[in-house]
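A.B. asks: My questions will all concern the structure given below.
The values are calculated or read from the model by the stated rules, or taken from the named source; none is laboratory data. The structure presented is a predicted model; accordingly, all values stated were derived computationally and were not measured. Positions of Cβ are backbone-derived with ideal geometry, glycine not excepted, and every protein chain shown enters the neighbour counts.
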Amino acid sequence: MAARAALRPRPTTDDPRPTPLRGAARLGTPRSLRGDAWRRFRRNHLAIAGAAYLVLLVGVAAFAPAIAPQNPVRTDVKVAGAYRQAAWVEDANPKRTGSWEYPLGTDSVGRDVLSRLVYGARVSLLVGFLPAVAILAIGVPIGLVAGYLGGLVDGLLMRITDVVYAFPALLFFIVMQVALGETRFGGMLNGLVLLLVTLSVLSWTGIARVVRGATLELKEAEFVLAARSGGAGIGRVIGRHVLPNALAPVIVAAAFLAPGAIVAEAILGYLGIGIRPDVALDAPLPSSWGTMIFDGYRAWQSQAWMLIAPSLAVALTTLACTFVGDGLRDALDVREGR
């Protein structure tokens, strides 16, 4: 046995055969890009907090009838003509002293501020996210076509983009609301449809430029050149190879569209030319945060929470969308994970 063991060949450092890895040294399964992006996003605590707030806001908007303590358009004749304060505020006038029946108080006609705030989340979410979908539907195809075809098509589309970008957005919003606000189209859903169209017409230029820049870089990539050499058509190359690899900057840019739309709605509501409140008792969109800011500005000395509550709601929603956008930008940046 000893002689047989002595004759057995022993491995040397020059042995070309690979030695199997054991324990922690063994290579695991490769991680996907989606998994890496999710891990980087989870490490951003502000982004997680912003996403949680937006999910909570969606729940509040969806279950507004069950969450709101009062009907947002019903007036309480007992406190009509006087601004009832928040529940923790006492006033010399018993009619104005706060009550937990109305946690944030009432306006001059006896409507509950908290209930109006809860229902106003519906308007802000619609105004924030529906225009983003329309903007992507306009800007992404223009950017893809301009960047991939180049030449005369690129020059023409980019000059149109420059013209639209140069038009003052706020002035355009005001002109459209004043010109079409009293028409049949302007009255659809109390002006919500007109507002969504107005917000979408001028806001696609930034997305188009982002997508064009990504397309100019991707169309010279090896996998795109290989697809073109294999006989793939323009539509297939753009849809199967260019667009999926250009989604990262598009997703990040889309996350920053919602705050701008929410703030624009608040500005138009403050100017009194935004969405017109519905006074029906079963109205799904009885008020918006911008309209509440407009009402609160005129009465902030009498009832401060009429102004503070919607202003905080707009600020927190905008901040949450910004945090989520920052988190997506860091998570989808491939260079960040290297």
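A.B. asks: Check every one of the helices (runs of 4 or more DSSP H) wholly within the stretch 136-242 and list those with 1 or more residues that are surrounded by 12 or more Cβ atoms within 10 Å (Cβ to Cβ) and at pLDDT 90 or above.
C.D. replies: 151-166, 205-218
A.B. asks: Looking at the stretch 37-66, which of its residues are farther than 30 Å from L328 by Cβ and either touching a helix residue (DSSP H, G or I) at 6+ places or on another chain (Cβ under 6 Å) or loosely packed, with under 12 Cβ neighbours inside 10 Å (or both)?
C.D. replies: Hit for the stretch 37-66 is A66, nothing else.
A.B. asks: Could you list all residues from the stretch 67-109 that are buried (at least 19 other Cβ atoms within 10 Å of the Cβ), over 13 Å from A299 (Cβ atoms) and more than 33 Å from the chain's Cα centre (by Cα)?
C.D. replies: Answer for the stretch 67-109, where residues must be buried (at least 19 other Cβ atoms within 10 Å of the Cβ), over 13 Å from A299 (Cβ atoms) and more than 33 Å from the chain's Cα centre (by Cα): V79, G98.
A.B. asks: Report yes if W300 is without any contact (Cβ under 8 Å) to a residue 12 or more places away in the chain and either surrounded by 17 or more Cβ atoms within 10 Å (Cβ to Cβ) or out of contact with any strand residue (DSSP E or B) (no Cβ under 6 Å at 6 or more places or on another chain) (or both), otherwise no.
C.D. replies: Yes: the conditions hold for W300.
A.B. asks: Quick one: A266 ticks every box in (1) assigned to a helix (DSSP H, G or I); (2) small (G, A, S); (3) more than 20 Å from L307 (Cα to Cα) bar one, so which box is it?
C.D. replies: In the conditions (1) assigned to a helix (DSSP H, G or I); (2) small (G, A, S); (3) more than 20 Å from L307 (Cα to Cα), A266 misses (3) alone.
A.B. asks: Going through the stretch 288-310 one residue at a time, which ones are of a type in the set (G, A, S), assigned to a helix (DSSP H, G or I) and modelled with pLDDT under 90? First the steps, then the outcome.
C.D. replies: Initial filter on the stretch 288-310 (of a type in the set (G, A, S)): 288, 290, 296, 299, 302, 304, 309.
Among the residues that remain, those that are also assigned to a helix (DSSP H, G or I) are: 290, 296, 309.
G290, G296, listed by residue number.
A.B. asks: Now for a separate question. Please state which of the following conditions I251 fails to meet, knowing it meets all the rest: (1) within 30 Å of P286 (Cα to Cα); (2) in contact (Cβ under 8 Å) with a residue 24 or more places away in the chain.
C.D. replies: (1)
A.B. asks: Next up: Given the criterion in contact with a Lys or Arg (Cβ under 7 Å, 6 or more places away or on another chain) and in contact (Cβ under 8 Å) with a residue 40 or more places away in the chain, identify the matching residue among Y83, Y53, Y119, Y102.
C.D. replies: Among Y83, Y53, Y119, Y102, only Y83 is in contact with a Lys or Arg (Cβ under 7 Å, 6 or more places away or on another chain) and in contact (Cβ under 8 Å) with a residue 40 or more places away in the chain.
A.B. asks: Another one. Does the stretch 97-124 hold any residues that are in a loop (DSSP other than H, G, I, E, B) and under 25 Å from Y270 (Cβ atoms), and which are they? Give the steps one after another, and end with the answer.
C.D. replies: So in the stretch 97-124, the residues in a loop (DSSP other than H, G, I, E, B) come out as 97-98, 100-101, 103-105, 107-111.
Within the stretch 97-124, P103, L104, G105, D107, S108, V109, G110, R111 qualify.
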